[in-house]
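The values are calculated or read from the model by the stated rules, or taken from the named source; none is laboratory data. Every value quoted in this text rests on a predicted model; they were computed, and no experiment measured them. Cβ atoms come from the backbone with ideal geometry, glycine included; neighbour counts cover every protein chain shown. For the accessible areas, the whole protein counts, side chains as well, though only heavy atoms, and no ligand, DNA or RNA atoms are used. Shrake-Rupley method; radii C 1.70, N 1.55, O 1.52, S 1.80 Å.
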Amino acid sequence: DFYKQWRDDNLPEHQKFVRAKLKDNPHISEYYEEQLRKLDPASRERLLHGNWEYDEAENKLFDYESLLNCFKNPVGSEGEGFLSCDVALMGSDKMVITRWKGMSVEEIITRDKSSANSIEALIESLAQLHNIPRKNIVVDSDGVGQYLSHYMKGVNAFINNSKALKGENYKNLKSQCYYKLAEQLNAGNIYIKCKDIDIRNKIIEELDVVRRKNIDLDGKLAIISKKEVKAAIGRSPDFADSLMMRMKFLFGGGN
């Protein structure tokens, strides 16, 4: 919102970007620096050291500037409606439902704690309100999602470790869809309507730490594990997973 526009000499006259580092602020919390040092390497470089152009490693999937731009460049809201649902019960993970129109994210719904019945009711309500057929709803089929995908006849079950679609050379469906999400987002084909700064920052952070795995080895294309992502950001990448599951429909996406 500030640095990139300042760098490109496009910052509005009523805004100002002030180049300053942590130690320049005498009123900063004594715990803030400690918090920043615990971030993943890319976020630490940008937020602690002010190195906004930092872009680590050739194993990155998502271009950082493209991550910033996906909240600003509308791609149009044509096409069918979709729901991609990363569901969770009473555990530590967050339930995230992403509502799409074509390749535009129209709405992001989150819940911290949800019962299976309340998740089902919410999905049904959103589908009815926005005229989204069940064939255009994809539900994470691990954990409670397995119950929902079987109980809600006609919805798509997303099984992370299932075979890649169309016989493509990926370790599993999850890797295939993350690669496709990166391809579409880096090309500027995805727009995310979201005014919540906290959610926007979490989406950027979660996608920014996704990495190709074993890029020096021959074999199927893969990404790092969810456990490795959690270790890097300190939480489950629920927003990223919800966005990723939408990509199943780009391969045909049938059950």
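Residues in segment 232-249 that are modelled with pLDDT under 95 and either aromatic (Phe, Trp, Tyr) or open to solvent by 20 Å² or more (accessible area, probe 1.4 Å) (or both): how many?
4
Can you name the condition, by its number, that residue 178 falls short on among (1) open to solvent by 40 Å² or more (accessible area, probe 1.4 Å); (2) out of contact with any Ser or Thr (no Cβ under 9 Å at 6 or more places or on another chain)?
Result: residue 178 fails condition (1) only.
Residue by residue through segment 159-175, note down the ones that are of a type in the set (Lys, Arg) and either in contact (Cβ under 8 Å) with a residue 24 or more places away in the chain or open to solvent by less than 60 Å² (accessible area, probe 1.4 Å) (or both).
Passing the criteria: 166, 171, 174.
Tell me which residues, restricted to segment 112-123, are surrounded by fewer than 18 Cβ atoms within 10 Å (Cβ to Cβ), touching a residue at least 24 places away in the same chain (Cβ under 8 Å) and not hydrophobic (A, V, I, L, M, F, W, C).
113, 115
Restricting to segment 6-21, name every residue that is of a type in the set (S, T, N, Q) and either closer than 17 Å to residue 47 by Cα or over 28 Å from the mean Cα position of the chain (by Cα) (or both).
15
Quick check on my filter: what residues within segment 37-47 are in contact (Cβ under 8 Å) with a residue 40 or more places away in the chain and open to solvent by 50 Å² or more (accessible area, probe 1.4 Å)?
Listed by number, the list holds a single entry, 38.
Quick one: in segment 200-231, which of the residues that are over 15 Å from the mean Cα position of the chain (by Cα) and part of a helix (DSSP H, G or I) is modelled with the lowest pLDDT?
My answer is 231.
For segment 162-199, enumerate the residues that are basic (Lys, Arg), part of a helix (DSSP H, G or I) and at pLDDT below 95.
166 - this is the single residue of segment 162-199 that is basic (Lys, Arg), part of a helix (DSSP H, G or I) and at pLDDT below 95.
So how many residues does segment 4-36 have that are out of contact with any Asp or Glu (no Cβ under 9 Å at 6 or more places or on another chain), open to solvent by less than 60 Å² (accessible area, probe 1.4 Å), under 15 Å from residue 52 (Cβ atoms) and in a helix (DSSP H, G or I)?
2
Would you say residue 62 is at pLDDT 90 or above and in a loop (DSSP other than H, G, I, E, B)?
yes
Suppose we keep only residues that are farther than 15 Å from residue 69 by Cα and in contact with a Leu (Cβ under 8 Å, 6 or more places away or on another chain) within segment 181-220. Which one would you say is surrounded by the most Cβ atoms within 10 Å (Cβ to Cβ)?
Among residues in segment 181-220 that are farther than 15 Å from residue 69 by Cα and in contact with a Leu (Cβ under 8 Å, 6 or more places away or on another chain), the one surrounded by the most Cβ atoms within 10 Å (Cβ to Cβ) is 210.
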